[in-house]
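Written out below as structure tokens is the structure these notes cover.
The values are calculated or read from the model by the stated rules, or taken from the named source; none is laboratory data. Since the model is a prediction, treat every value here as computed from it, not as a measurement. Methodologically, a virtual Cβ is constructed for each residue, glycine included, from the backbone with ideal geometry; neighbour enumeration extends over all protein chains shown.
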Amino acid sequence: MSQQPNKLTPFFENLNFERDDNTMVINFGPQHPSAHGQLRLVLELDGEQVVKAYPDIGYLHRGIEKMAENMTYNEFLPTTDRLDYIASTSNNYAYALAVEKLLGIEAPRRAQVIRTMLLEVNRVISHLFFLATHALDVGAMSVFLYAFREREFGMDLMEDYCGARLTHSAVRIGGVPLDLPAGWLEKLAAWCDKVDHEVEHTYEALLTENRIWKMRLEDVGVISAEEALSWGCTGPMLRGSGVKYDIRKEEPYELYSELDFDIPVAETCDSYGRYRLYMEEMKQSTRILRQLIPMYKKSEPRLMAHAPQYISAPKEEIMTQNYALMQHFVLVTQGMRPPKGEVYVPTESPKGELGFYIKSEGEPYAYRLKCRAPSFFHTGLLQEILVGTYIADVVTIIGSTNIVFGEVDR
Amino acid sequence: MRKYTPKDNVQGKSYYTDRFWVAPRVPREEVEEGSHFEAVVNALGNQIKESYIEVGQLVVHIDASENFSVLKTLRDECGYKQCSEQSAVDYLAQDGEFELFYQLLNHTEAKRVRVVCRIKKGEAIESVVPLFKSANFAEREMFDMFGIKVNNHPYLKRIIMPDDWEGHPLLKTYPLHGDEFASWYEVDKIFGKEYRDIIGPENRDPAKIERYDTKRFSRVGYEVPFGADISEGEKEQAIEYSETILVNYNAGTKQLDERK
């Protein structure tokens with residue numbers, strides 16, 4: 001390195017030519033459009049081959065775990081939206097479930113149905129986003145436009161339910177805040193049909209047998225099952241390596257034990273296998289959503305768990321009963337005080353295993369909250385799978401890991 | 001008398017706690033005989049200090065010096081092939097210790113074990129990267145956030161905070177809004193420490209919102225119509241911009257960079 005960074009003279013940090021050997025160090029990101037957020041990747045290249053890859057993260061660090069220690073449990077919930085901002089409800093839900101496990105309460109049936117619906121809608125939204133950006137990175141521009149179209153309709157559904165398109169906060173600790181609006185189920189069913197139709201007739205028709213797509217994805221970013229396990233890969237990254245493990249099936253939460261769905265697995269361990277997996281998962285999600293519609297109709301209209309020590313009573317009670325109002329006042333001003341203890345609750349977010357570890361010392365503030373984000377570990381994996389690949393495949397592999405920097409940096 | 005605020009834990013605190021209130025505890029269950037977890041406990045033998053089941057997961061307390069051998073046993077003999085998470089909890093104020101935990105997952109049994117150990121302040125822990133590569137990033141994050149050194153880690157370096165950062169943000173002694181170093185970080189880095197006085201705390205933050213400025217941004221928390229008069233008779237003070245931004249370095253009398 002001949003040029004040292006100093007205070008005033010510009011420093012061309014992207015390229016470094018003057019080295020003794022033949023390798024070139026190239027800086028990818030943190031503002032690269034294919035970096036899926038704020039990924040900085042320092043690549044050492046020998047010709048076009050990557051010799052060393054060093055993922056550098058932290059450009060979107062907001063200290064969410066620190067904020068959790070300084071907020072009451074209910075205050076913190078909207079902050080979890082900003083983790084995986086592509087599928088906010090999954091984060092809200094994972095956090096709410098962890099706190100519920102700590103409190104030892106369970107959401108009523110209707111809330112469970114609504115939550116499961118929202119989770120699956122979010123999964124499809126997230127997978128469509130993956131497909132759109134991954135295809136765009138590889139060069140298939142039109143898929144991006146088509147996939148975003150259906151994603152917009154999915155976000156319209158979320159907007160109809162909770163009023164927000166990206167930062168939903170659609171789940172509360174102990175249930176959901178609202179019942180479904182009128183006509184929502186019909187819209188959901190129509191959207192499921194549309195997604196199914198588009199997946200089969202647009203995305204798969206455009207990509208699955210596309211010669212360029214296959215050449216760009218097949219045998220690119222191969223991760224063996226042992227590697228995937230060792231690097232902490234979860235979700236589609238793990239199932240893409242032939243390990244059939246889905247938390248929804250193996251450690252069921254919410255209504256997943258009652259629902260009928262399959263867990264797709266890809267044996268090829270490459271980016272193409274993972275792409276097929278995502279497509280199949282979308283079909284499974286719409287299958288789950290269709291099963292949930294009759295379940296909703298059969299459920300009783302209760303939305304929040306009854307646990308007066310931790311959760312405010314329904315609005316009618318607060319407005320009519322003095323004691324409910326007093327409890328509500330204490331819960332809002334001081335916050336709920338869960339029992340002492342620690343809990344780690346994993347959930348299957350669209351990206352993989354999203355878990356919240358909460359250590360409670362019986363205070364209204366969590367003593368320690370650790371968010372186990374799947375993308376964090378998938379980013380760590382990059383330093384190994386990128387080595388030996390060609391620079392043209394780097395973007396494909398990053399796209400295929402489906403990392404979102406909101407939850408990498410937290 | 002000024003209210004006492006503890007310096008060893010500056011995190012959020014409840015403003016009121018009933019003095020007779022005793023927090024209950026999440027129920028802990030014994031390890032059942034014949035269960036998968038009993039086999040795990042037997043495999044670890046006397047390396048376990050304490051074991052119980054909390055919310056469906058086995059929690060195993062071990063000695064910090066045995067973390068590698070315990071995790072190796074769990075991985076090779078009990079089938080815990082994945083380390084989902086690894087981090088620490090700061091108990092320096094109470095015990096002068098960190099509590100470290102390793103969250104492991106067995107895919108065939110769909111069971112989870114949390115291995116917990118404690119280390120004193122300033123002590124290091126052995127890296128488990130040879131067993132689980134996922135610990136590579138997790139241990140780096142722990143080092144970054146708590147300052148816990150990890151022996152034999154392949155690349156122990158700050159991961160989320162900048163390399164030249166001072167302090168470890170998740171310590172209980174670290175305030176939520178950052179310490180003095182954090183608040184002057186950009187100024188120190190771009191202009192140098194001696195410019196703190198010239199720039200001043202009021203211009204330190206380019207996103208700062210002036211108290212009476214309703215033209216560009218209304219007061220946070222007290223939203224008012226655009227351009228409303230909220231001075232309540234107080235004399236308006238001109239908004240002072242950072243001199244370092246507006247000053248023409250060539251024409252000005254004040255030579256900022258005296259070192260040249």
Legend entry - In the stretch B:152-192, the residues that are modelled with pLDDT of 85 or more, surrounded by 15 or more Cβ atoms within 10 Å (Cβ to Cβ) and aromatic (Phe, Trp, Tyr): B:TRP165, B:TYR174, B:TRP184, B:TYR185
Inset, instruction - Looking for whichever is among the small types (Gly, Ala, Ser) and buried (at least 17 other Cβ atoms within 10 Å of the Cβ) here; the options are B:ALA23, B:ALA43, B:ALA64. Which one fits? - result: B:ALA64
Inset, instruction - Can you tell me which residue among B:ALA88, B:ALA110 is within 23 Å of A:GLY355 (Cβ to Cβ) and over 26 Å from the mean Cα position of the chain (by Cα)? - result: B:ALA110
Inset, instruction - Return a yes/no flag: does the stretch A:314-325 have any residue that is on the phi < 0 side of the Ramachandran plot, among the hydroxyl-bearing types (Ser, Thr, Tyr) and either facing chain B (nearest Cβ under 8 Å) or in a loop (DSSP other than H, G, I, E, B) (or both). - result: no
Legend entry - Residue selected from the stretch A:53-91 under the condition part of a loop (DSSP other than H, G, I, E, B) and among the charged types (D, E, K, R), by the criterion nearest to the chain's Cα centre (by Cα): A:ASP84
Inset, instruction - Identify the single condition in (1) more than 8 Å from chain A (Cβ to nearest Cβ); (2) under 23 Å from A:PRO346 (Cβ atoms) that B:TRP165 does not satisfy, given that it satisfies every other one. - result: (2)
Inset, instruction - Take the residues in the stretch A:43-60 that are more than 9 Å from chain B (Cβ to nearest Cβ) and β-branched (Val, Ile, Thr), then tell me which one is nearest to A:ILE403 (Cα to Cα). - result: A:VAL50
Inset, instruction - Output the residues belonging to the stretch A:283-329 that are over 25 Å from the mean Cα position of the chain (by Cα), surrounded by 15 or more Cβ atoms within 10 Å (Cβ to Cβ) and β-branched (Val, Ile, Thr). - result: A:ILE311, A:ILE318
Legend entry - Check on A:VAL343, crowded, with 22+ Cβ neighbours inside 10 Å and within 14 Å of chain B (Cβ to nearest Cβ): yes
Legend entry - Condition met for A:GLY341 (within 30 Å of B:ASN9 (Cβ to Cβ) and either among the charged types (D, E, K, R) or at pLDDT 90 or above (or both)): yes
Legend entry - Top-ranked residue in the stretch A:147-167 [being out of contact with any Lys or Arg (no Cβ under 8 Å at 6 or more places or on another chain) and under 15 Å from A:THR286 (Cα atoms); ranked as surrounded by the most Cβ atoms within 10 Å (Cβ to Cβ)]: A:GLY154
Legend entry - Number of positions in the stretch B:120-132 that are surrounded by fewer than 19 Cβ atoms within 10 Å (Cβ to Cβ) and in a strand (DSSP E or B): 2
Inset, instruction - Hey, can you tell me all the residues within the stretch B:105-115 that are in contact with a Leu (Cβ under 8 Å, 6 or more places away or on another chain) and in a strand (DSSP E or B)? - result: B:LYS111, B:ARG112, B:VAL113, B:ARG114, B:VAL115
Legend entry - Criterion (modelled with pLDDT of 90 or more and more than 12 Å from chain A (Cβ to nearest Cβ)) met by exactly one of B:GLY221, B:GLY147, B:GLY200: B:GLY147
Inset, instruction - Could you give me the residue pairs with C-beta distances under 7 Å whose first residue belongs to the stretch A:222-237 and is touching a residue at least 40 places away in the same chain (Cβ under 8 Å), whose second residue is among the aromatic types (Phe, Trp, Tyr) and assigned to a helix (DSSP H, G or I) wherever it lies, and which are 6+ apart or on separate chains? - result: A:TRP231/A:PHE377; A:GLY232/A:PHE377; A:CYS233/A:PHE377; A:PRO236/A:TYR278
Inset, instruction - Could you please find all residues in the stretch A:271-282 being within 17 Å of the chain's Cα centre (by Cα) and among the aromatic types (Phe, Trp, Tyr)? - result: A:TYR275, A:TYR278
Legend entry - Which listed residue, of A:ALA94, A:ALA107, is part of a helix (DSSP H, G or I), under 26 Å from A:GLU281 (Cβ atoms) and not basic (Lys, Arg): A:ALA94
Inset, instruction - Select from the stretch B:113-126 the residues that are within 20 Å of the chain's Cα centre (by Cα), under 11 Å from B:ALA64 (Cβ atoms) and free of Cβ contacts under 8 Å to residues at least 60 places away in the same chain and list them in ascending order. - result: B:VAL116, B:CYS117, B:ARG118, B:ILE119, B:LYS120, B:GLU123, B:ALA124
Legend entry - Sole exception among (1) within 11 Å of chain A (Cβ to nearest Cβ); (2) over 13 Å from B:VAL115 (Cα atoms); (3) within 25 Å of the chain's Cα centre (by Cα) for B:VAL22, by number: (3)
Legend entry - In the stretch A:381-403, the residues that are under 21 Å from A:ALA87 (Cβ atoms) and of a type in the set (Gly, Ala, Ser): A:GLY399, A:SER400
Inset, instruction - Hey, can you tell me all the residues within the stretch A:244-276 that are of a type in the set (S, T, N, Q) and without any contact (Cβ under 8 Å) to a residue 60 or more places away in the chain? - result: A:SER257, A:THR268
